[in-house]
Amino acid sequence: MNCKGAYKSKISRKLRKYSNILKEAHNVEISETDTEFLAICNAGLTTGLSREIIMEALDETHVAALKDIHFVENTSVTFLTCVNAGFAMSVLKALNEDMHCDFFVVFVKNIPEFALHSEASLPAGLILLENFVSPEEEIALLKSVDWTSATPEQGQSLKHRQVRHFGYQFEYGSNNVNPEKPLDAKIPSVCSPVFDRVVQREITAWVPDQLTVNQYEPGQGIPPHIDTHSAFEDPILSLSLESDVVMEFRKSGVVVPVLLPRRSLLVMSGESRYAWTHGINPRKSDVVNCPDGKLSLVQRKRRTSFTFRRLLRRACTCTFSQFCDSQKENDVLSRENISNNCNETASKLENLHVHQVYEEIAGHFSETRHKPWPNVLSFVNKQVPGSVILDVGCGNGKYLGLNKQSFQVGCDMSQHLLKICREREFETFLSNCLALPFKDNSVDCCISIAVIHHLSTEDRRLKAISEMVRVLAPGGEALIYVWAKNQERDQQKSSYLKQCNNKPSEEKPAPISPFSLPVHTNRTQFCHSDLLVPWKLKQKGLKNSGLDSRESEEVYFRYYHMFEEGELELLCNRLNNASVERSYYDQGNWCVVLKKVL
Ligand code: MN
Ligand code: ZN
């Protein structure tokens with residue numbers, strides 16, 4: 001077959017495949033004539049594309065042709081509505097050209113009903129009041145904050161933004177305030193007219209006593225979080241100044257982007273305050289719905305937010321106990337539930353405490369992951385020339401590109417880590433290790449280094465291993481590394497323990513989480529089998545901010561299942577199409593080499 005023929009048959013294969021997916025999963029038919037509706041299908045992606053990725057692949061004229069982007073949760077398909085069929089054709093061409101070959105854009109006859117309305121309503125209790133302050137008040141408010149000097153209690157330069165506290169300090173380690181320690185810096189008096197308006201309009205019955213001012217440069221953001229229940233009253237008020245921004249609200253898989261216009265007041269009350277996370281994607285632009293019904297990509301400017309809160313001087317008695325630090329004992333998503341093969345809970349846990357965390361810490365994580373472990377390196381290097389080597393959970397690509405005589409490809413769930421891989425010119429794709437988008441018997445060798453311990457049930461860990469074996473060619477080998485619960489062996493401490501700096505132990509940070517899992521103290525032995533390991537994102541103060549000598553940090557929590565001796569082999573032995581060739585302990589990890597039976 002000539003080149004063009006091969007290409008054509010590849011296209012028609014894809015067309016058949018996606019036509020089935022679209023029909024069965026979404027009740028949508030591929031259209032043979034041009035329509036205003038497009039479907040973007042993707043092989044490896046389980047979450048669809050982000051709206052920003054789609055918008056960035058298009059130029060201005062194409063963007064102007066878009067009326068809406070429709071997401072369907074937990075699928076690999078994203079739908080677009082264009083102004084008309086002609087524009088849709090140009091969008092289709094642009095996307096098929098610009099994106100990787102893993103994407104496939106087709107005309108469809110309709111958009112699935114549920115995708116049309118998925119983002120229509122705001123979270124309950126969320127109120128947005130536009131033009132809450134005048135342009136003059138905006139200037140006065142901005143002037144009241146001195147960014148050049150601050151005491152350590154009052155100001156910090158965090159990873160994503162600059163911060164000033166007034167009234168009381170919000171402590172990021174504990175995510176709480178100490179009511180016994182008011183700051184010398186009082187809330188600036190220019191805020192009084194704002195408070196009067198808030199009380200007058202019966203938004204609150206009280207006047208705030210704590211103010212946090214955040215300054216975000218374009219590209220900076222704040223990770224999704226719920227403000228600690230026990231720290232503040234309901235509601236929380238936030239004024240946006242200097243720039244519009246899109247804030248994302250999330251709850252059980254639903255993402256609601258909300259445009260916060262400059263000079264608007266956001267009131268987070270009830271469910272939106274207690275049960276939804278809010279966060280700002282660290283991006284330089286936002287996708288915004290225009291009054292004419294089209295979408296546009298708007299560049300962010302520097303934004304300053306004034307968040308007004310009132311300290312809660314008692315336990316929280318909200319009705320959202322699963323998110324409530326005051327009501328942790330009543331936690332419905334208890335550990336028993338997690339180990340109870342409950343897939344939905346497990347995937348929520350992994351999403352919150354693995355996928356979202358790696359997305360946030362990707363840059364810093366990558367900086368700390370350079371040196372390949374020698375035993376993994378020698379395994380990769382001993383593969384015969386021409387082998388296809390798949391790295392499941394490739395992270396920043398530490399093990400890709402090592403064996404120049406083989407074809408190495410990696411997958412991961414973090415877009416940011418994959419971006420780092422792409423910059424290093426490695427072949428990668430986005431995929432969950434529970435469903436590898438590869439045919440049976442299609443790769444010669446697999447490695448999975450420090451991945452399977454992030455899965456929160458035994459069934460899921462087994463599924464991940466069985467997926468690797470499924471895609472392996474008969475006789476092919478997989479190397480698997482997981483963290484060992486025991487970090488000491490033959491009286492030897494692992495390198496993880498050796499890096500203990502013996503600093504006096506700090507206060508344990510409290511995760512914002514519906515899952516009541518124990519928090520591990522870094523660089524110590526593991527006391528639990530399922531736990532959260534803190535990742536401290538350190539950030540030097542920005543130059544010229546007056547804070548350049550200090551470090552500040554935000555803490556993220558990664559879920560781990562710690563393996564006992566023999567546990568990994570036992571799991572592998574449950575597969576009838578693979579055998580454990582070798583197992584060993586390597587610097588605090590349990591490791592197996594698994595061979596697919598011929
Ligand atoms: Mn907040
Ligand atoms: Zn509460």
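The values are calculated or read from the model by the stated rules, or taken from the named source; none is laboratory data. Quantities reported herein were computed from a predicted structural model and do not represent experimental measurements. Reconstructed Cβ throughout: ideal geometry from the backbone, glycine too, with neighbour counts over all protein chains shown. Surface accessibility is based on the protein's heavy atoms, side chains included, excluding ligands, DNA and RNA. Shrake-Rupley method; radii C 1.70, N 1.55, O 1.52, S 1.80 Å.
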State whether the residues of region 299-315 include one that is free of Cβ contacts under 8 Å to residues at least 12 places away in the same chain, within 16 Å of ligand 2 (Cβ to nearest atom) and not in a strand (DSSP E or B).
yes
How many residues are under 13 Å from Ile449 (Cα atoms) and open to solvent by less than 60 Å² (accessible area, probe 1.4 Å) when one looks only at region 361-379?
4
Check whether at least one residue in region 417-427 is in a helix (DSSP H, G or I), β-branched (Val, Ile, Thr) and within 16 Å of the chain's Cα centre (by Cα), and report yes or no.
yes
Single condition Thr307 does not satisfy, out of (1) open to solvent by 10 Å² or more (accessible area, probe 1.4 Å); (2) within 17 Å of Gln215 (Cα to Cα); (3) more than 13 Å from ligand 1 (Cβ to nearest atom):
(3)
Just one of Glu564, Glu569, Glu581 is closer than 20 Å to Glu458 by Cβ and open to solvent by 60 Å² or more (accessible area, probe 1.4 Å); which is it?
Glu564
Just name the residue that is modelled with the highest pLDDT out of those in region 310-332 that are in contact with a Ser or Thr (Cβ under 6 Å, 6 or more places away or on another chain) and away from ligand 1 (no atom under 16 Å from the Cβ).
Ala315
Filter result for Arg13 (over 30 Å from Asp292 (Cβ atoms), at pLDDT below 85 and either in contact with a strand residue (DSSP E or B) (Cβ under 7 Å, 6 or more places away or on another chain) or open to solvent by 60 Å² or more (accessible area, probe 1.4 Å) (or both)):
yes
Could you list, in sequence order, all residues of region 388-406 that are over 26 Å from the mean Cα position of the chain (by Cα) and either at pLDDT 95 or above or among the basic types (Lys, Arg) (or both)?
Val388, Ile389, Lys404
Filter the strands (runs of 3 or more DSSP E) completely within region 212-267 down to those with at least 3 residues that are open to solvent by 30 Å² or more (accessible area, probe 1.4 Å) and on the phi < 0 side of the Ramachandran plot.
254-260
Counting just the residues of region 283-296 that are within 22 Å of the chain's Cα centre (by Cα) and crowded, with 20+ Cβ neighbours inside 10 Å, which one comes out modelled with the highest pLDDT?
Asp286
Give me a count of the residues in region 262-289 that are within 13 Å of ligand 1 (Cβ to nearest atom), over 17 Å from Gln215 (Cβ atoms) and among the small types (Gly, Ala, Ser).
1
